[in-house]
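First comes the structure, then the notes that go with it.
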Amino acid sequence: MNIEDKKNYIYNIIYRLSIMILPLVVTPYIARILDATNVGLYAFSSTIVCYFILFSKLGLDNYGNRSIAFCREDKKKRSEVFFSIYIMQIITSLLSITIYLILCFTVFKKDSVIYFIQLMYLMSALFDISWFFYGIERFSITTIRSIISRVLIIIFVFIFVKSREDLWIYTLIMAGNFLLEQLILLPFSIKYLTKVKIGIKDITRHIIPNLKLFIPLLALSIYVWMDKLMLGIMVSGTAVVAYYTYAENIINLPKGILSALDTVMMPKISYLVSKDMHNEAIDKISNSLRINSFIACALCFGIAGISPIFVPWFLGNQYTKTISITIALSAVMIPMSITNVIQTQYLIPFSKEKVYIKAVIIGASINLILNIILIPKLGAFGAVIGTFAAELLVCSYELYSIRRIYRLRQLAEVLIPFMICGLIEFILVYKLGRLPMKTLYLLILQISVGGFVYIAMASAYLLYISKGYKDLIIKKK
């Protein structure tokens, strides 16, 4: 990474950390105050709104990011691309909002207050232009916005949410701040844009390429959100949705470190591709796979190891069912991290939408089929099996699709040693959990020892065993 890449990466890490801090501070309080049933209702309603947001933005997060990155140095062209894409976003968002309102008056009558409040969350899609700032690589703006929003959420939750009857207040705080996050960005876009004339053809030319990236996102949503939706429908009560959601949230807490690198590198690689600097782009992808493998293995085995102690301490004893779900779900992190690098740093920047679409459709189909078969029998564990199978299949197919630039053997040489280090980390951390100590001190000990052992073993491998590292030293000399 050059200095600019490192700076953007740091900003994105701060942004992801601000997202992580919110659940770390708020979740233990909300889990105890609202109870599992209300938490499950909030998670279920949010999942439904996420689907409407998906249809509001189609594939804009990736398509808009890439399109702006291609022309970021030309202000006039950049403005033409932005306004033509954003007008399309306004149209699809208004259509999505209209359909959601109709459903609020018909289908969602039982908990209509919660669903009407969630309308604010859906409206945030109307003003979301974060893809533009990612495209021009202005990560500091989105970082500051996120910090402000998260601070407000924390303050409002502790002041106004006092009992299980305050679910509507909690929903209002969350949905209102999601909307505020997007509104904050709008004034900052002015200095990067200029007045241009936009015709209907300028707008319609984005529809097909945007839909190409929407199809995989829709398929991807099946094994990102559909698990919670199907659990809420196929298993009686919303408590199981809460157990699964919190397990997912615990996995997602540190996962932002991985996605931060992907977010930073996507516009960078898109720019390199636009300048026909393919070899440099491929080198960056290889480095990202190495870094993500190192981090993913540490997080996967570390989270699994501390879960029996962390979950009851963090959420309360009523969420002990979340422990085993968290341990099982942590395995998803490794194939998911590899898949994210391939998708965001190769398939999208190099315009390989066909591979991307086919991969996620295959994964979504497997996940949906396994969910239908396994959720009625195994509940949340059925959803875990479906998710892991889908991620593994997608990862395998995408690795096969990039075999000309990156072979499976290369990944195995990088990944297997880190997995061995992670397994030793897990065994050590899990056994430390049996020590008769106060919970907080025990968690600090587990994280410290586990992290130190993993880093020490991984460093020893890189310094003294890895042939690739030695070859790199020789080349530099």
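When region 434-448 is filtered for residues that are open to solvent by less than 60 Å² (accessible area, probe 1.4 Å) and within 22 Å of residue 334 (Cβ to Cβ), only 446 remains. Scanning for something under 30 Å from residue 456 (Cβ atoms) and either assigned to a helix (DSSP H, G or I) or in contact with a Phe, Trp or Tyr (Cβ under 9 Å, 6 or more places away or on another chain) (or both), does region 270-279 turn up at least one residue? No, because not a single residue in region 270-279 is under 30 Å from residue 456 (Cβ atoms) and either assigned to a helix (DSSP H, G or I) or in contact with a Phe, Trp or Tyr (Cβ under 9 Å, 6 or more places away or on another chain) (or both). In region 343-369, the residue that is least open to solvent (accessible area, probe 1.4 Å) out of those that are of a type in the set (S, T, N, Q) and more than 15 Å from residue 406 (Cβ to Cβ) is 367.
If we keep just the residues of region 120-138 that are open to solvent by 30 Å² or more (accessible area, probe 1.4 Å) and among the aliphatic types (A, V, I, L, M), which is nearest to residue 173 (Cα to Cα)? Selected residue: 120. Annotation note: of 141, 148, 153, the sole residue that is under 30 Å from residue 34 (Cα atoms), open to solvent by less than 40 Å² (accessible area, probe 1.4 Å), part of a helix (DSSP H, G or I) and touching a residue at least 12 places away in the same chain (Cβ under 8 Å) is 153. Restricting attention to region 54-81, which residues are surrounded by fewer than 21 Cβ atoms within 10 Å (Cβ to Cβ) and assigned to a helix (DSSP H, G or I)? Scanning region 54-81 gives 54, 55, 61, 70, 75, 76, 77, 79, 80.
Within region 82-99, is there a residue that is open to solvent by less than 10 Å² (accessible area, probe 1.4 Å), at pLDDT below 80 and over 19 Å from residue 141 (Cβ atoms)? No, region 82-99 contains no residue that is open to solvent by less than 10 Å² (accessible area, probe 1.4 Å), at pLDDT below 80 and over 19 Å from residue 141 (Cβ atoms). Summed over region 169-210, residues that are surrounded by 16 or more Cβ atoms within 10 Å (Cβ to Cβ) and assigned to a helix (DSSP H, G or I) total 22.
Contact map, region 91-113: residues that are within 11 Å of residue 126 (Cβ to Cβ) and in contact (Cβ under 8 Å) with a residue 12 or more places away in the chain paired with residues that are of a type in the set (D, E, K, R) and not in a helix (DSSP H, G or I), Cβ distance under 9 Å, separation 6+ or inter-chain. Pairs shown: 93/128.
Could we say that residue 463 is without any contact (Cβ under 8 Å) to a residue 24 or more places away in the chain and more than 29 Å from residue 241 (Cβ to Cβ) here? Considered against the rule, which asks whether it is without any contact (Cβ under 8 Å) to a residue 24 or more places away in the chain and more than 29 Å from residue 241 (Cβ to Cβ), residue 463 comes out as yes. Scanning region 109-122 for any residue that is modelled with pLDDT of 85 or more and within 24 Å of residue 202 (Cβ to Cβ) turns up nothing. Once region 374-406 is narrowed to residues that are of a type outside the set (Ser, Thr, Tyr), assigned to a loop (DSSP other than H, G, I, E, B) and under 19 Å from residue 340 (Cβ atoms), the residue that is least open to solvent (accessible area, probe 1.4 Å) is 402. Scanning region 107-114 for residues that are touching a Leu at 6+ places or on another chain (Cβ under 6 Å), under 30 Å from residue 153 (Cα atoms), open to solvent by 10 Å² or more (accessible area, probe 1.4 Å) and hydrophobic (A, V, I, L, M, F, W, C) turns up nothing. Residue pairs whose Cβ atoms lie under 6 Å apart, separated by 6 or more positions or on different chains, with the first residue in region 178-203 and touching a residue at least 12 places away in the same chain (Cβ under 8 Å) and the second surrounded by fewer than 16 Cβ atoms within 10 Å (Cβ to Cβ) and part of a helix (DSSP H, G or I), are 194/75; 203/87. Quick check on region 305-319: of everything there that is small (Gly, Ala, Ser) and either open to solvent by 10 Å² or more (accessible area, probe 1.4 Å) or more than 21 Å from the chain's Cα centre (by Cα) (or both), which residue is modelled with the highest pLDDT? In this case the residue turns out to be 305. Selection of first residues in region 386-412 that are farther than 27 Å from residue 372 by Cβ and of second residues that are outside any helix (DSSP H, G or I) and not aliphatic (A, V, I, L, M), restricted to Cβ pairs under 8 Å at least 6 apart or on distinct chains, gives the following pairs, ordered by first then second residue: 399/406; 401/352. If you go through region 407-434 and keep only what is in contact with a helix residue (DSSP H, G or I) (Cβ under 6 Å, 6 or more places away or on another chain) and not in a helix (DSSP H, G or I), you end up with just 433. Could you look through region 320-342, keep only residues that are farther than 19 Å from residue 429 by Cα and in contact with a Phe, Trp or Tyr (Cβ under 6 Å, 6 or more places away or on another chain), and pick out the one that is most open to solvent (accessible area, probe 1.4 Å)? Applying the filter and picking the extreme gives 321.
Comparison of 51, 11 shows that the only residue that is part of a helix (DSSP H, G or I), of a type in the set (Phe, Trp, Tyr) and at pLDDT 75 or above is 51.
The values are calculated or read from the model by the stated rules, or taken from the named source; none is laboratory data. This is a predicted model, so every value here is computed, not measured. Virtual Cβ from ideal backbone geometry, glycine too; neighbours counted across all protein chains shown. Each accessible area value is taken on the protein alone, full model and side chains, heavy atoms only, with ligands, DNA and RNA left out. Shrake-Rupley method; radii C 1.70, N 1.55, O 1.52, S 1.80 Å.
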